[in-house]
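Notes to accompany the following structure.
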Amino acid sequence: MTKALVIIDVQKIMWENPAHPPYDDTGVVTRIADLIGKARAAKAPIFWVQHQGGEKMQPGRPEFEFDDRVAPSAGDNVTVKSKSSAFHGTDFDARLKRADVDHLVVTGMQSEFCVNSAIRGAYERGYKVTLVADAHSTGDTPMAKAGTIVALQNFISQDFGDVKTAAEVSF
């Protein structure tokens, strides 16, 4: 079976408000880019997930596009979703199965929404899950600062699989 890198919703809309960028945004995106390089070098499959919804997150809108630093290349595997989970109402699970994937290495945005949903959806379907602790992010909310949300997601995710830093991940 195969380990795959999953990049969730690292889209330009995440930087829409320059006064409130995602937590550790440069570090997170740099680590995701490094993981893409590691996965490509190991010939491991990579799956991008892209959220579509609302007025701004639509094809053809700049906010919908992936951040240039981690954007897929032509022909790469991209699943467009309209709900929080990459699995809900998409062919993501079928794509993973066609690639003989049994282990997801999860990165992306936003920690408490789409990243969380993907981890839970993968776990419920029997996939082994590794959350990359320093390669997911979110923004501050009225209830909690982004750094706290990221730390909480890392803690919670231990119930669903492994939590490793980008430096610890291999393919």
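A few remarks follow.
- One residue alone among Lys83, Lys43 is surrounded by fewer than 16 Cβ atoms within 10 Å (Cβ to Cβ) and over 23 Å from Val150 (Cα atoms), and that residue is Lys43.
- Unmet criterion (only one of (1) without any contact (Cβ under 8 Å) to a residue 24 or more places away in the chain; (2) over 20 Å from Glu112 (Cα atoms); (3) not basic (Lys, Arg)) for Gly54: (2)
- Count of residues meeting criterion [part of a loop (DSSP other than H, G, I, E, B) and within 13 Å of Val49 (Cβ to Cβ)] in the stretch 72-120: 13
- Only one entry in Gly37, Gly60 is more than 24 Å from Thr2 (Cβ to Cβ), free of Cβ contacts under 8 Å to residues at least 24 places away in the same chain and not in a strand (DSSP E or B), namely Gly60.
- Residue satisfying condition, being touching a Ser or Thr at 6+ places or on another chain (Cβ under 6 Å) and among the small types (Gly, Ala, Ser), within set Ser85, Ser73: Ser85
- Residues that are out of contact with any strand residue (DSSP E or B) (no Cβ under 6 Å at 6 or more places or on another chain) and assigned to a strand (DSSP E or B) within the stretch 123-155 comprise just one, Asp134.
- Filter pass, Tyr123 being more than 19 Å from Val28 (Cα to Cα) and in contact with a His (Cβ under 7 Å, 6 or more places away or on another chain): no
- Evaluation of Lys43 against (1) over 19 Å from Asp102 (Cα atoms); (2) assigned to a loop (DSSP other than H, G, I, E, B) (one fails), failing number: (1)
- Counted residues, the stretch 142-166 - those being touching a helix residue (DSSP H, G or I) at 6+ places or on another chain (Cβ under 6 Å) and closer than 21 Å to Ala33 by Cβ: 4
For (1) among the small types (Gly, Ala, Ser); (2) out of contact with any Cys (no Cβ under 7 Å at 6 or more places or on another chain); (3) within 25 Å of Asp93 (Cβ to Cβ); (4) crowded, with 24+ Cβ neighbours inside 10 Å, each residue gets a yes or a no:
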{"position": "Val106", "(1), (2), (3), (4)": "no, yes, yes, yes"}
{"position": "Met109", "(1), (2), (3), (4)": "no, yes, yes, yes"}
{"position": "Phe113", "(1), (2), (3), (4)": "no, yes, yes, no"}
{"position": "Arg120", "(1), (2), (3), (4)": "no, yes, yes, no"}
{"position": "Gly126", "(1), (2), (3), (4)": "yes, yes, yes, no"}
{"position": "Val129", "(1), (2), (3), (4)": "no, yes, yes, no"}
{"position": "Asp134", "(1), (2), (3), (4)": "no, yes, no, no"}
{"position": "Asp140", "(1), (2), (3), (4)": "no, yes, no, no"}
{"position": "Lys145", "(1), (2), (3), (4)": "no, yes, no, no"}
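- Candidates Ala19, Ala4 - the one that is outside any helix (DSSP H, G or I) and touching a residue at least 60 places away in the same chain (Cβ under 8 Å): Ala4
- Out of Asp100, Asp68, sole residue that is farther than 14 Å from Met14 by Cα, at pLDDT 95 or above and surrounded by fewer than 16 Cβ atoms within 10 Å (Cβ to Cβ): Asp100
- Residue, nearest to the chain's Cα centre (by Cα), within the stretch 150-165, restricted to residues that are more than 22 Å from Gly139 (Cα to Cα) and among the charged types (D, E, K, R): Asp162
The values are calculated or read from the model by the stated rules, or taken from the named source; none is laboratory data. From a predicted model like this one, the values you see are computed outputs, not experimental measurements. All Cβ positions, glycine included, derive from the backbone under ideal geometry; neighbour counts span all protein chains shown.
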